[in-house]
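Here is the structure we will look at, set down as structure tokens.
The values are calculated or read from the model by the stated rules, or taken from the named source; none is laboratory data. Keep in mind it's a predicted model, so treat the numbers as computed, not measured. Neighbour counts are summed over all protein chains in view; Cβ atoms, including those assigned to glycine, are modelled from backbone coordinates with ideal geometry.
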Amino acid sequence: MATDRTQIEKLIDGTLPWSELRDDVLPDPKDTERFETTIEVLQERVDWDDRILVPLNDHLFVVAGEDGRRVKAECGHELCDAESNWKLECRIRVREDQDETAELYPELMTPDTAWTFQIREFFCPGCYALLDVEAVPAGYPILQKFEPDIDTFYEEWLGEPVPDGG
Amino acid sequence: MSSEHPERAAETDTDYDRVDPPIGWDGKTLQEMLDESERHLEETDRYYGLDRLEMKAENPFDYERMFARLRGALVNARETALHISASAIVREIGELAFQLYTPEGDCIATSTGIIVHVHTGSLAVKYMIENGYEHGRTIQPGDVFCNNDNDIGNVHTTDVHTIVPIFHDGELIAWADGVTHEVDIGGATRGHDQVSSTSRYEDGLYATCEKIGEDDEVYQDWKDRAQRGTRTPMFWDLDEKCRLAGCHMIRDALTEMVEEVGTDTYKQFAREAIEEGRQTLESRVQERLFPGTYRDASFMPAPFEEEGWNPVSKKNMLNHLPVEMEVDAEGGLELDMTGASPPGPHPYNCAEGSMQGGLWVSLTQCLLHDGKVNDGSYFAVDANFPDGSVVNPQDPDYSYHTSWGSIMPTYQAVWKNISRGFFARGFREEVNTGYSESGDTIQGGGFREATGEYFAIAPFDLSCQGMGASAVRDGLDYAYTMWNPETDMGDIEEWELLEQGAPFLSRHIKPNTAGHGKYRGGSGWETLRVIDESFDVSAYKHVRPGVTNSTSGMHGGYPQAANYSVRVHDTDLDERFEEADYPVSDRLPGDLDEQVDGDVVRTERGVYFPTTFENYDLMYYHMGGGPGYGDPLDRPIEALVEDLEDEVYTPDVVERVYGVVGELDEADREFTVDEEATEQRREAIREERERESRSVESFVAEERERLQDGDLSYPVRWMYSGVFDRDSEWVEAFREFWDLPEDFEIEVE
């Protein structure tokens, strides 16, 4: 069963009506070609030619670049190779003091500053899109939250070579 | 052989033949069955070594009909039993569940409800087997067992299981297990999820896989012990009858089915159903996730320095709940909590079985929607809850009263990990950033002036929290809780029947609770209550997290707002009520102070310990929002207009975070966008991001220096120190990340 391509486009845009989401997209069994269709739609929307291998978030992808597999932002900025923690290549803003956290939520509804807790915002160095937010105690390592096993996915799960020419 | 208790048998209309070991299938003891099951799993990775689901393949309709019949019997038992007899918590929001287990204790099917117990009953049955109940205490038709010992197989002390063996032709063919959440379980303080407990000895009434009845009748001495050991004996009695009635309904339904299909067919079905559960999870993983490694971490604050009663707990503590998951090439799922904090002098310690239960609660809501959840999925996941950690203390001495304080934050991290997999595969609709953790709002009780009778305060409208956003829509507003996704808020009138001395003054949307993002988290709500015509009232508040966040948002979304506490004593409401003039809200923190004269006690903590309340004192609590998804600047302006008009956010917050500027007509709830100012503000936010951010490299260098200077709060040092003491693998990775010397330590006095 394949979900209608226009529905997937709307799903990505966040414009799919609830009735279609409920009736066509949420129920089992799921669309068996969802990954391929999603990649097609995303690929058409970016302004560069590198083949998207894995979508990481709304603005970030693992792509097959000229120098191998890279983490690349929608705006075209390349952050690092696919195996590395892309967050280490971001711009960061840390909110820890009351005046910084109070911009987000009212007083008493933010972490107590006496607990040295941080809201870390990670921005794309190219376009300053907000790529991730961490809420962690001071001194906490910046986790690499997802390391996709691209070879296994394409070769063993999809049964095809990784489309990166490599 | 006839019953040894003919007079009781006559009373209860039972006539059971006594059985002697072996009571398992085909002449085996239960221990032999358990050993065989474990051996097959060890050798083949498959339940009973089943390579092929023969019945499912050859007689699919019969197979599915049997599963549907059993599942239906369990759901029917739940829906019916709660109307036969049950306390308000059980009846109103369905805080109960029924499970069916194989003789060796593996779950075949479960009802709806608090399905966190899929595996806890399993562990209790295995405990009885491994401790020789079959031979010593004996397991007889008509027996009734009870367990709420967390270290063996339970989530928290206040969940009580009734377990009934089901026999057919002299063989034990299954176990039925019914579990309900009690309003009160005894213990150091009133309430069902206690905050002050620091060890088992303050937790209350415990039954350790105890035989509490025979010939379908509960022993009088057990009834007396429970009646005298809890503060709400009537509710205890109602719930015990509910559990027992449900188990007997399941027994009848299973017996009828086995007589119809034959014992051998049932036995084959039971094992195939579990193996199918195992295979289903693996295939779902391959269908919807992405192979690779996923990491996240949650944090659980225990702000007890000022509140704690016991000297050992009078400190601020922060629990570390890291989750690394691996999806392998075969669709296997591994979950590893290496680096979790040690157990401590707080009620948030959590047994391994409860952590497993949290996994099933989560998986049934994201990977296994079709109801075929059983211990097959347990066998499909390789989970490591490290021995001796807060998520598997392996020590009954700790308090486990509020183990949800570890389960709920942990599964925020699990859901995010799984959601990253969904997103990578294009299943954006399945992404869920998490949820608001319920905590336990107000708990306690008091006595009515008119009757002198005790009333409990245990509102379970806490089951309506804000849900996390997905990658295609906002989170559900004030209508979700992770531990019982079918719950609703319950009618105020119903809660007031139970909690007669603490009527509600209001329920109201709580603005600014929803986590920010392209898709925002679901909103929370608030309520205000007053003490009325009562005496000797004490209550405590237990909502998490307050002083920190426990989780983040996803893909640029923010964590939801934190919680806080406010209560008012010695108020001026005595005179004002006659004029129907009373406060209704703390809509924005501090609003309440303007509406009442009295002693306002307000703190950042979501928690206060048992406190005395007098008539006309006010109790306030609010439920949180869910985490957000995506960059807030990607949120459409029209969605923000709706948020403002619905009071999800206030204009100042929307202007600062989302950059939408305009005028709100409070009376008509209409917001008019100032398009030019909005454009300018959004541009200014982008410029602020550029101006106020820096390279991660410089942040890391500065943070390293801070670590070496020890410039961390006590609870954060307490967290690192606990992990440093017990987990060299995590500590090694920590030192490596920060490029710290091998002898770097974090200590706390």
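Some notes on this structure:
- Selected residue (only one of B:PRO741, B:PRO715 is crowded, with 20+ Cβ neighbours inside 10 Å and not charged (D, E, K, R)): B:PRO715
- Taking each residue of the stretch A:94-109 that is surrounded by fewer than 18 Cβ atoms within 10 Å (Cβ to Cβ) and looking for partners that are part of a helix (DSSP H, G or I) with beta-carbon atoms closer than 8 Å, six or more apart or interchain, yields A:GLU96/A:THR113; A:ASP97/A:THR113; A:GLN98/A:THR113; A:GLU103/B:ARG656; A:GLU103/B:VAL657; A:GLU107/A:GLN98.
- Residue match in the stretch A:54-65 (condition: surrounded by fewer than 16 Cβ atoms within 10 Å (Cβ to Cβ) and in a loop (DSSP other than H, G, I, E, B)): no
- Qualifying strands (runs of 3 or more DSSP E) (wholly inside the stretch B:414-521; at least 2 residues being under 22 Å from the mean Cα position of the chain (by Cα)): B:442-448, B:454-457
- Qualifying residue in the stretch B:518-539 (condition: at the interface with chain A (Cβ under 8 Å from one of its Cβ atoms) and either buried (at least 24 other Cβ atoms within 10 Å of the Cβ) or touching a residue at least 40 places away in the same chain (Cβ under 8 Å) (or both)): yes
- Options B:THR255, B:THR263, B:THR208, B:THR158: the member that is assigned by TED's automatic domain parsing to the domain that holds B:ALA88, in contact (Cβ under 8 Å) with a residue 12 or more places away in the chain, surrounded by 24 or more Cβ atoms within 10 Å (Cβ to Cβ) and among the polar types (S, T, N, Q): B:THR158
- Verdict on B:ALA701 being touching a Gly at 6+ places or on another chain (Cβ under 9 Å), among the aliphatic types (A, V, I, L, M), over 22 Å from B:GLY515 (Cα atoms) and part of a helix (DSSP H, G or I): no
- Test: residue in the stretch B:291-306 that is within 24 Å of the chain's Cα centre (by Cα), more than 24 Å from B:ARG544 (Cβ to Cβ), within 12 Å of chain A (Cβ to nearest Cβ) and among the acidic types (Asp, Glu): no
- Considering the conditions (1) more than 26 Å from A:PHE122 (Cα to Cα); (2) within 11 Å of chain A (Cβ to nearest Cβ), B:GLU742 is excluded by exactly one of them, (2).
- Within the stretch B:2-61, considering residues that are modelled with pLDDT of 95 or more and of a type in the set (Gly, Ala, Ser), the one farthest from B:PHE269 (Cα to Cα): B:GLY27
- When B:ALA562 is tested against (1) facing chain A (nearest Cβ under 8 Å); (2) part of a strand (DSSP E or B), only condition (2) is not met.
- Filtering the stretch B:373-384 for residues that are of a type outside the set (A, V, I, L, M, F, W, C) and free of Cβ contacts under 8 Å to residues at least 60 places away in the same chain leaves a non-empty set.
- Checked against (1) part of a loop (DSSP other than H, G, I, E, B); (2) crowded, with 16+ Cβ neighbours inside 10 Å, A:PRO27 passes all but a single condition, namely (2).
- Checking each residue of the stretch B:107-116 against the condition of being in a helix (DSSP H, G or I), among the β-branched types (Val, Ile, Thr) and assigned by TED's automatic domain parsing to the domain that holds B:LYS211 gives at least one match.
- The single condition from (1) within 12 Å of chain B (Cβ to nearest Cβ); (2) within 20 Å of the chain's Cα centre (by Cα) that A:ASP28 fails is (2).
- Residues within the stretch A:84-114 that are more than 7 Å from chain B (Cβ to nearest Cβ), hydroxyl-bearing (Ser, Thr, Tyr) and closer than 24 Å to B:MET317 by Cβ, tallied: 2
- For the stretch A:31-51, the candidate set comprises residues that are of a type in the set (Val, Ile, Thr) and touching a helix residue (DSSP H, G or I) at 6+ places or on another chain (Cβ under 7 Å); within that set, the residue that is nearest to the other protein chains (Cβ to nearest Cβ) is A:THR38.
- Just one of the listed residues (B:GLU645, B:GLU663) is over 30 Å from A:LEU88 (Cβ atoms), away from every other protein chain (no Cβ under 11 Å) and touching a Pro at 6+ places or on another chain (Cβ under 9 Å), and it is B:GLU663.
- Here B:ARG587 clears all of (1) under 24 Å from B:GLU533 (Cα atoms); (2) more than 9 Å from chain A (Cβ to nearest Cβ) except the condition numbered (1).
- Among all residues of the stretch A:153-166, there is none that is within 25 Å of B:ASP631 (Cα to Cα) and surrounded by 18 or more Cβ atoms within 10 Å (Cβ to Cβ).
- Hey, B:ASP193 touching a helix residue (DSSP H, G or I) at 6+ places or on another chain (Cβ under 8 Å), charged (D, E, K, R), in contact (Cβ under 8 Å) with a residue 60 or more places away in the chain and not assigned by TED's automatic domain parsing to the domain that holds B:TYR266 or not: yes
- Annotation: of all residues in the stretch B:598-639 being among the hydroxyl-bearing types (Ser, Thr, Tyr) and either within 10 Å of chain A (Cβ to nearest Cβ) or buried (at least 19 other Cβ atoms within 10 Å of the Cβ) (or both), the one that is farthest from B:GLY553 (Cα to Cα) is B:TYR616.
- Sole residue being within 30 Å of B:TRP525 (Cα to Cα) and at pLDDT below 95, chosen from A:GLU100, A:GLU107, A:GLU121: A:GLU107
- Test: residue in the stretch B:167-188 that is among the hydroxyl-bearing types (Ser, Thr, Tyr) and either surrounded by fewer than 19 Cβ atoms within 10 Å (Cβ to Cβ) or part of a loop (DSSP other than H, G, I, E, B) (or both): no
- Of all the listed residues (B:ALA86, B:ALA97), the sole one being assigned to a strand (DSSP E or B), at pLDDT below 95 and among the small types (Gly, Ala, Ser) is B:ALA97.
- Among the residues of the stretch B:307-333, those that are assigned to a loop (DSSP other than H, G, I, E, B), of a type outside the set (Gly, Ala, Ser) and either more than 20 Å from A:PHE117 (Cβ to Cβ) or within 13 Å of another protein chain (Cβ to nearest Cβ) (or both) comprise B:TRP309, B:ASN310, B:LYS314, B:LYS315, B:ASP328, B:GLU330.
- Note on the stretch B:687-718: among residues that are among the small types (Gly, Ala, Ser) and touching a residue at least 24 places away in the same chain (Cβ under 8 Å), the one that is farthest from the other protein chains (Cβ to nearest Cβ) is B:GLY710.
- Which listed residue, of B:TYR219, B:TYR127, is surrounded by fewer than 21 Cβ atoms within 10 Å (Cβ to Cβ) and either of a type in the set (Asp, Glu) or over 24 Å from the mean Cα position of the chain (by Cα) (or both): B:TYR219
- Screening the candidates A:PHE146, A:PHE123, A:PHE117 for the property of being within 30 Å of B:ASP591 (Cα to Cα), surrounded by 16 or more Cβ atoms within 10 Å (Cβ to Cβ) and facing chain B (nearest Cβ under 7 Å) yields one hit, A:PHE117.
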